[in-house]
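The values are calculated or read from the model by the stated rules, or taken from the named source; none is laboratory data. Treat the numbers as computed from the prediction; the structure is a model and nothing was measured. For neighbour counting, all protein chains shown are included, and Cβ atoms are generated from backbone atoms with ideal geometry for every residue, glycine included.
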Amino acid sequence: MPAAKTVHTVCSHDCPDSCAVLVTIDEAGRATRVQGDPKHPVTQGFLCGKVAKYLDRVYSPDRLLYPMRRRRGVTKGPLPQGREIEAFERISWDEALDTIAANLQTISDEHGPESILPYSYAGTIGVLGYGSMDRRFFHRLGASQLDRTICSTAGGDALVSVYGRKLGTDTEHFPHARYIIAWGANVHGNNIHLWPMIEEGRRNGAKLIVIDPYKTRTARLADWHIAINPGTDVALALGMMHVILRDGLEDASYIAENTHGFAELKQRAAGYTPERVSQWTGIPAADIECLAREYATTTPSVIRMNYGIQRSQNGGTAARTVAMLPALTGAWKHLGGGLQLSTSGAFSWDKVTLERPDLMLASPLQRHARIVNMSELGRALTELSDPPVKALFVYNSNPAAVAPDQSQVLRGMARPDLFTVVHEQFFTDTADYADILLPATTFLEHKDVQGAYGHYYVQISNQAIAPLGEARSNVALFSELAQRMGFTEPCFRDTADDLIAQALRTSQPEKQDKWMAGMTEATLNAAGGHQRLQFASEKDGQPFLPFATGPFPTPSGRIEFFSEALAAKGLDPLPAFVPPEESRHTRQSAYSLEFLPRKADHYMNSTFANLPGHQVMEAAHTNYLEMHTSDAAARGICEGDKVEIFNDRGTLQMNAHVHGHLPPGVVASRLNWNKLSPGGNNVNLLTSQALTDIGGGATFYSTLVEVRKVTAVAAKTPSFR
Ligand SMILES: Nc1nc2c(c(=O)[nH]1)N[C@H]1C(S)=C(S)[C@@H](COP(=O)(O)OP(=O)(O)OC[C@H]3O[C@@H](n4cnc5c(=O)[nH]c(N)nc54)[C@H](O)[C@@H]3O)O[C@H]1N2
Ligand SMILES: Nc1nc2c(c(=O)[nH]1)N[C@H]1C(S)=C(S)[C@@H](COP(=O)(O)OP(=O)(O)OC[C@H]3O[C@@H](n4cnc5c(=O)[nH]c(N)nc54)[C@H](O)[C@@H]3O)O[C@H]1N2
Ligand code: SF4
Ligand SMILES: [Mo]
């Protein structure tokens, strides 16, 4: 019997930190401990509260362990937690794969392959698990392509429109900063490994400013919390520019050398006086002046912009405008200065080989398939024609809980004529709608390779334990399924090791990116599981400063304040504040409160929400509507009262939590599973399918609602907390 050992894995949850996780395995092959790798410079030996308890998840008695089929006569829809299994019957993998292959073939023959819709997101951000064999499979099938917009395309496309590439200030450089702005970034809740870096900076004299409508834990610990009205960041950033340019605080030589469209931007910013901006943002004009001046005159200054500001209808422009600030002040030149949204653009995986879009030409379509925006899933399932969606294949995601405009999504998923496959670890809300349910492995049970969007290390995630029950990895599932469909291309037989080699271009050193040159599975393992990207400057003992100098990979080769590419798409080439349609600034409606349907600090989107240990940590916020004292008083609502929160899209029931963590006019609640929410729906019942101005993203944080106290009659309904 093998002796106890430790295996290097990587946390594959959708989190910027991508922690190095050491898993201890006992003689029987069972994982007994997970810990953050002390040798990883960003993980620094600790894990977040969610993943520190990871063995509760891996060995949960609720894990999905076998393939299952919906029992005849059982309609699709919500199942009570713990009793889901009664709706299904166990089948073998052979039978499951044969059934799926036969159904997909029939549907493809009758309606065309584009009637098949894959739906996946970031259940795992491992390179293989996120997108490799699955993409090959759906490309070869000719299935509709999914535009994966639900999280970050607004901000990502915006950043690229300014700088050409998704790079940012190194997390490890934050201790050098002296002015740190967390802008729409819940560092403590969502990005905890940045926190020690910020704290080190503060010990060295840095000031931390948080710009967030909600008083997060990060905001409570900051030197200055600026409670901005939701959806008004464009105005604030333009107001800061106004002050910076009015007072001549910009870095004229950096601008002259590196940017495009400065004169036009200056003219645009001139209209955004602090007084005007104050009316939209709710921030006093004097504070806008102070923030702008402190930001522009303290060196080095860094902005941790996260994806919170781009979940508004004007979120693309918001990210674009904020991203321009360090280009005006030249902050990029300094160690510890600049901005970080994402570092993911530093990792140049061979996506073309991994995903093989060319296989679409070998499909019955013989052309590229249509593209369906995942943020419009409700419409896709109920309104799309030519062809309508007849099969839905869900993996790495829980759309019944996370997709906006939930009632339309669930109506679509409940269609008896829709053939639905769900590959999952648990009986999620989405599993309740499956015809065939397949068990998936966790990151301890399969192999992968991973980059990060919050640091610059490539990591190998080794398989630590055998799959539980009959669980299979995404790679194994789609490889098997391809054989059943009769796809003969050799790429469908590639193993995880083959795919890792392809991702790293191990056999084509001449095509390897310089930053990943020479990296192989073997070198990663030899280095203890992770290797830093090889930045040329660091070889010379100089820090990696991504945008200190040009050229920039934009159309003009410069940082683009003015974007001809956006103009060509009919968009404003310069930033302008256009309030979201669904906001207090534009809409005259019965709904006067802005709703923030937030992420839970102790869950990962909808992941972990079903685990008792995690529920305890999150309990103080579960199924509560948080509101400001004045909004509660105006509606006769007291702490703990049962309230209804509603708009045209639906009504939720919760208990009121009345406090000062939000500005007046803004209410908030947190994402949970539907089946764990009173009434059977979570916050996404109230969100809309409106898309962001850039990137076609979801607009969770542009939602208007009204709230009322539940009357005595309504209180007779079963108690929900
Ligand atoms: N604990 C935990 N960690 C997570 C996740 C999780 O669910 N739980 N999710 C992971 C995922 S998928 C992602 S994408 C990242 C995202 O991490 P973040 O980008 O930090 O995402 P959010 O929590 O959506 O938004 C951050 C903050 O923006 C604020 N905000 C909302 N609207 C506005 C606005 O109009 N302006 C400004 N300035 N701020 C606004 C919110 O109140 C929130 O506190 O986190 C990852 N990490
Ligand atoms: N109201 C509101 N809605 C939101 C957000 C919000 O802040 N507020 N955030 C949005 C954002 S930023 C995001 S990224 C999305 C996230 O939406 P999703 O990507 O759907 O994220 P999760 O809810 O974490 O669900 C991921 C699922 O994948 C499964 N999974 C994990 N690993 C694997 C694997 O290896 N194979 C397979 N087959 N399955 C696996 C997990 O068990 C889990 O159920 O939600 C969005 N929805
Ligand atoms: S969820 Fe994020 S912070 Fe937690 S272990 Fe995973 S990567 Fe690290
Ligand atoms: Mo996300």
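All conditions but one from (1) at pLDDT 95 or above; (2) within 30 Å of N396 (Cα to Cα) apply to G189; the one that does not is (1).
What do you reckon, is I125 under 19 Å from G412 (Cα atoms), assigned to a loop (DSSP other than H, G, I, E, B), within 16 Å of ligand 2 (Cβ to nearest atom) and at pLDDT 95 or above? Against the criterion (under 19 Å from G412 (Cα atoms), assigned to a loop (DSSP other than H, G, I, E, B), within 16 Å of ligand 2 (Cβ to nearest atom) and at pLDDT 95 or above), I125 does not qualify.
For every residue, the table says whether it meets (1) within 13 Å of ligand 2 (Cβ to nearest atom); (2) crowded, with 16+ Cβ neighbours inside 10 Å; (3) not β-branched (V, I, T).
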position: P612; (1), (2), (3): no, no, yes
position: H621; (1), (2), (3): no, yes, yes
position: E644; (1), (2), (3): no, yes, yes
position: D648; (1), (2), (3): no, no, yes
position: H661; (1), (2), (3): no, yes, yes
position: L671; (1), (2), (3): yes, yes, yes
position: L685; (1), (2), (3): yes, yes, yes
position: D693; (1), (2), (3): no, yes, yes
position: R708; (1), (2), (3): no, no, yes
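Would you say M197 is more than 16 Å from ligand 3 (Cβ to nearest atom) and crowded, with 22+ Cβ neighbours inside 10 Å?
No, not satisfied.
Rundown of residues vs (1) buried (at least 23 other Cβ atoms within 10 Å of the Cβ); (2) assigned to a helix (DSSP H, G or I), yes/no style:
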| position | (1), (2) |
| --- | --- |
| E89 | no, no |
| D98 | no, yes |
| R135 | no, yes |
| K166 | no, no |
| T169 | yes, no |
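Exactly one residue among V210, V234, V160, V243 is among the aliphatic types (A, V, I, L, M) and closer than 13 Å to N306 by Cβ, and that residue is V210.
Only one entry of D170, D233 meets the criterion of being more than 18 Å from W332 (Cα to Cα) and more than 16 Å from ligand 3 (Cβ to nearest atom), and that entry is D233. Give the stretch 201-232 a look and list any residue that's surrounded by fewer than 16 Cβ atoms within 10 Å (Cβ to Cβ), within 14 Å of ligand 1 (Cβ to nearest atom) and assigned to a helix (DSSP H, G or I), or say none. Those that are surrounded by fewer than 16 Cβ atoms within 10 Å (Cβ to Cβ), within 14 Å of ligand 1 (Cβ to nearest atom) and assigned to a helix (DSSP H, G or I): R217, R220. For the stretch 448-467, the count of residues that are hydrophobic (A, V, I, L, M, F, W, C), over 30 Å from L533 (Cβ atoms) and in contact with a Lys or Arg (Cβ under 6 Å, 6 or more places away or on another chain) is zero. Each residue in the stretch 349-376 was checked for being farther than 20 Å from G695 by Cα and hydrophobic (A, V, I, L, M, F, W, C), and 8 of them qualify. So, in the stretch 110-133, exactly how many residues are crowded, with 24+ Cβ neighbours inside 10 Å and within 16 Å of ligand 3 (Cβ to nearest atom)? Residues in the stretch 110-133 being crowded, with 24+ Cβ neighbours inside 10 Å and within 16 Å of ligand 3 (Cβ to nearest atom): 6 in total. Only one entry in P67, P16, P41, P2 is away from ligand 1 (no atom under 16 Å from the Cβ), more than 23 Å from E521 (Cβ to Cβ) and either outside the structural domain of G168 (by TED's automatic domain parsing) or modelled with pLDDT of 95 or more (or both), namely P67. When the strands (runs of 3 or more DSSP E) confined to the stretch 530-632 are screened for residues that are within 16 Å of ligand 3 (Cβ to nearest atom), none reaches at least 2 such residues.
Residues that are out of contact with any helix residue (DSSP H, G or I) (no Cβ under 6 Å at 6 or more places or on another chain) and polar (S, T, N, Q) were ranked within the stretch 412-449; the one that is nearest to ligand 1 (Cβ to nearest atom) is T428.
Select from the stretch 434-469 the residues that are β-branched (V, I, T) and not in a strand (DSSP E or B) and write down the one among them that is nearest to F393 (Cα to Cα).
Of everything passing the filter in the stretch 434-469, T441 is nearest to F393 (Cα to Cα).
Output yes when any residue across the stretch 155-170 is closer than 18 Å to T299 by Cα and among the basic types (K, R), and no when none is. No: the stretch 155-170 contains no residue that is closer than 18 Å to T299 by Cα and among the basic types (K, R). Looking only at the stretch 171-193, which residues are outside any loop (DSSP other than H, G, I, E, B) and within 16 Å of ligand 4 (Cβ to nearest atom)? Within the stretch 171-193, V187, G189, N190, I192 meet the criteria.
Residue-wise test of (1) within 16 Å of ligand 3 (Cβ to nearest atom); (2) surrounded by fewer than 23 Cβ atoms within 10 Å (Cβ to Cβ); (3) modelled with pLDDT of 95 or more.
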site: L365; (1), (2), (3): no, yes, yes
site: E376; (1), (2), (3): no, no, yes
site: L392; (1), (2), (3): no, no, yes
site: V409; (1), (2), (3): no, no, yes
site: V422; (1), (2), (3): no, no, yes
site: A431; (1), (2), (3): no, no, yes
site: Y453; (1), (2), (3): yes, no, yes
site: E470; (1), (2), (3): no, yes, yes
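L384 fulfils the conditions (1) of a type outside the set (F, W, Y); (2) free of Cβ contacts under 8 Å to residues at least 24 places away in the same chain; (3) buried (at least 24 other Cβ atoms within 10 Å of the Cβ) except for a single criterion, (3). Checked against (1) surrounded by fewer than 17 Cβ atoms within 10 Å (Cβ to Cβ); (2) assigned by TED's automatic domain parsing to the domain that holds A503; (3) within 16 Å of ligand 1 (Cβ to nearest atom), I85 passes all but condition (3). A Cβ distance below 8 Å, combined with a sequence gap of six or more or placement on separate chains, defines the contacts here; from the stretch 413-442, residues that are over 19 Å from R72 (Cα atoms) reach residues that are assigned to a strand (DSSP E or B) and charged (D, E, K, R) in the pairs P439/E424; P439/R472; A440/E424; A440/R472; T441/R472. Can you tell me how many residues within the stretch 11-41 are among the acidic types (D, E) and under 21 Å from H455 (Cα atoms)? Final tally of qualifying residues: 3.
Every residue, every condition in (1) within 16 Å of ligand 1 (Cβ to nearest atom); (2) among the basic types (K, R); (3) touching a Gly at 6+ places or on another chain (Cβ under 9 Å); (4) touching a residue at least 40 places away in the same chain (Cβ under 8 Å), yes or no:
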site	(1), (2), (3), (4)
V162	no, no, no, yes
A177	no, no, yes, yes
I180	yes, no, yes, yes
A185	yes, no, yes, yes
N190	yes, no, yes, yes
E199	no, no, no, no
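Cβ-Cβ distances below 8 Å connect the following pairs, each with a first residue in the stretch 245-271 that is assigned to a helix (DSSP H, G or I), a second residue that is small (G, A, S) and buried (at least 20 other Cβ atoms within 10 Å of the Cβ), and a separation of six or more residues or different chains: L245/A269; S253/G330; Y254/A327; Y254/G330; I255/A327; I255/G330; N258/A327. Might you check whether a residue that is surrounded by fewer than 17 Cβ atoms within 10 Å (Cβ to Cβ), aromatic (F, W, Y) and more than 16 Å from ligand 3 (Cβ to nearest atom) occurs anywhere in the stretch 40-50? No, there is no match, as no residue in the stretch 40-50 is surrounded by fewer than 17 Cβ atoms within 10 Å (Cβ to Cβ), aromatic (F, W, Y) and more than 16 Å from ligand 3 (Cβ to nearest atom). Of the residues making up the stretch 74-84, at least one is closer than 30 Å to D417 by Cβ, out of contact with any helix residue (DSSP H, G or I) (no Cβ under 8 Å at 6 or more places or on another chain) and modelled with pLDDT under 95. One residue stands out in the stretch 499-530 among those that are of a type in the set (S, T, N, Q) and closer than 12 Å to I460 by Cβ: the one that is farthest from the chain's Cα centre (by Cα), namely T523. Selection of the stretch 327-358 for residues being assigned to a helix (DSSP H, G or I) and over 24 Å from the mean Cα position of the chain (by Cα) yields A327, L328, T329, A331, W332, K333, T353, D358.
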